[in-house]
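Chemist: Encoded as structure tokens, here's the structure I'll be asking about.
The values are calculated or read from the model by the stated rules, or taken from the named source; none is laboratory data. Given the structure is predicted, the values throughout are model-derived calculations rather than measurements. A quick note on method: Cβ atoms are made from the backbone with ideal geometry, for glycine too, and the neighbour counts reach across all protein chains shown.
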Amino acid sequence: MKASDLFVKALEAEGVQYVFGIPGEENLDLLESLRNSSIRLVLTRHEQAAGFMAATYGRLTGRAGVALSTLGPGATNFVTSAAYAQLGGMPMLMLTGQKPVKASKQGHFQIVDVVDMMKPLTKYTRQIVSADNIPARVREAFRRAEEERPGATHLELPEDIARDDTDAIVIPASYHRRPIADDKAVQRAAEAIVSAKRPLLMVGAGANRKTCAKMLREFVDQTGIPFFTTQMGKGVIDECHPLWLGNAALSDGDFVHRAIGEADCIINCGHDVIEKPPFFMRRGVRTVIHVNFSGAEVDTVYFPQIEVIGDIANSIWQLKQTVSAQSHWDFSWFDKVRGHLLAHLAVGADDERFPIHPVRLVAEVREAMPADGMLCLDNGMYKLWFARYYRSREPNTILLDNALATMGAGLPSAIAAKIVHPQRKVVAVAGDGGFMMNSQEIETAVRLGLDLVVLLLRDDAYGMIKWKQAHMEFPNFGMDMGNPDFVEYAKSYGAHGHRPASCAEFARLFRHALDTPGVHLIDVPIDYSDNDRVLNREIRELSAAL
């Protein structure tokens, strides 16, 4: 069998349905093998976008998404998306080509040591030097990518190896199950929760990766313990639940941090130090219980006293068998914090100013989106407003990145989300800065015939850094920019372009775009003048006054 055919059969054996990317001359044999397979090639306009799509596919399915590029410049374009998957805990396999390794007539033309380049960005990276090794290399790459903590892997298939013949056969995936937490660790954690006066549950990204929602909801309902989420833990438990205490969108000073400060036991489900910390540990202040698939990485901001290591859902199930509501628990302070938080979240939801205020924008989007509708956020100022104000109803319905926090991922992620969930409403939310980093993928979405909405929030600047610059009392410098006519830009790709002139018109246009086939871009001017007043001063002052 031809090696490239074997490689594709190995991908099929892993359940691969899509390969995202841009092939080059070094992977033409692999491309021909893909053409004759059950796998669909999703041709993109940039390798970075292909990597974002593959990572998001992995994030939503738990199975490694696959991205393809040629050697050299194509492979180097994977660097940001590799880091995105690695830090974000998203299973992904990158496939890159290479010049012939046994004999080449092109010297060092386009050759970069891609394997060495990928080492600090992946869990596993190898060059395939023998066709006979393909089954083992592919199986190991998928195993590493998908096991906890998930991340990026990479295989390089040289041009001459892809053309070789081999008698090797595909290695099927082995049966495996996730490890179960130690009984003594569960018992120690249960004792700490029961003996606490004000226990508090924190839900992080790891709980969004696996099917933990049902068990966590049952735990909260049975015990009555309030909960809050990290940015990447949003939606694991419905944020309209009466025990929700908010999202740690800001680093400190929010109402939720007043709750954290008064908790004497925090049950951390699925958070690790790669995501921006929602609180800072101090010795002797409280007990922190680490419930996760793997042990805690000790850091100056995080050193839990109790670790429950194993499948999160099973660990919570075990705790649920032991922990029940306690008469000595006192959640009166948490109730007070919740009341003030909910009152503050409503402020600005009916603001009529235009360009639109962020709170009004979030309110209109939440009102129009169904419970299972998916928002895919790029990285920018709006991410903080959505993380804090948008109340997620189901797991993985708001995809944001609080690990690498890269710009340019919003639109590619939305494309992948729509491919995985074609029946759901999917919306990309991007600033003008992040959107233009991968705006060419509008053509990909149109070519694929997707029904997709792009909310382009335009402030003609790099708004988040401008906010930080102002907060540090530096003069405005180097942040403002010009933009194309986004409506005409969208139309040039075959998409629909819209530009509202009022809040009411935005609400109408957004609902129209959600319900009308095709790719729709809505150019929404946004007013960020309240960034400093609300996020830096008002919230801190109000929460401190409790």
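Chemist: Scan region 506-531 residue by residue and report those that are loosely packed, with under 14 Cβ neighbours inside 10 Å and part of a loop (DSSP other than H, G, I, E, B).
Modeler: THR516, PRO517, SER529
Chemist: Could you list, in sequence order, all residues of region 192-213 that are in a loop (DSSP other than H, G, I, E, B) and in contact with an Asp or Glu (Cβ under 8 Å, 6 or more places away or on another chain)?
Modeler: Just the residues of region 192-213 that are in a loop (DSSP other than H, G, I, E, B), to begin with: 196-198, 204, 210-212.
Selection gives ALA196, LYS197, ARG198, GLY204, LYS210.
Chemist: Further question on the same structure: For region 214-233, give me each residue that is part of a loop (DSSP other than H, G, I, E, B) and buried (at least 22 other Cβ atoms within 10 Å of the Cβ). First the steps, then the outcome.
Modeler: Our first condition is that a residue be part of a loop (DSSP other than H, G, I, E, B); within region 214-233, this holds for 224-226, 230.
Residues satisfying the conditions are ILE225, PRO226, THR230.
Chemist: Does ALA196 fit the bill of being touching a strand residue (DSSP E or B) at 6+ places or on another chain (Cβ under 7 Å) and at pLDDT 95 or above?
Modeler: Taking the combined requirement at face value, the residue satisfies it.
Chemist: Suppose we filter GLU367, GLU441 for residues that are acidic (Asp, Glu), more than 16 Å from VAL524 (Cα to Cα), modelled with pLDDT of 95 or more and buried (at least 24 other Cβ atoms within 10 Å of the Cβ); which single one remains?
Modeler: Numbers: GLU367 fails: buried (at least 24 other Cβ atoms within 10 Å of the Cβ).
Answer to the selection: GLU441.
Chemist: Now a separate question. Within the group ALA189, ALA173, which residue is assigned to a loop (DSSP other than H, G, I, E, B) and either of a type in the set (Phe, Trp, Tyr) or not assigned by TED's automatic domain parsing to the domain that holds ARG63 (or both)? Reasoning before the result, please.
Modeler: On the way: ALA189 fails: assigned to a loop (DSSP other than H, G, I, E, B).
Just one listed residue meets the conditions, ALA173.
Chemist: Give all pairs with beta carbons closer than 7 Å in which a residue from region 350-362 that is acidic (Asp, Glu) meets a residue that is assigned to a loop (DSSP other than H, G, I, E, B); count only pairs at least 6 apart in sequence or on separate chains.
Modeler: ASP351/HIS357
Chemist: Do we have ASP451 as modelled with pLDDT under 95 and surrounded by fewer than 20 Cβ atoms within 10 Å (Cβ to Cβ) here? Give the derivation first.
Modeler: Values: modelled with pLDDT under 95: no; surrounded by fewer than 20 Cβ atoms within 10 Å (Cβ to Cβ): yes.
Answer is no for this residue.
Chemist: Could you list, in sequence order, all residues of region 7-26 that are touching a helix residue (DSSP H, G or I) at 6+ places or on another chain (Cβ under 8 Å) and among the β-branched types (Val, Ile, Thr)?
Modeler: Within region 7-26, VAL8, VAL19, ILE22 meet the criteria.
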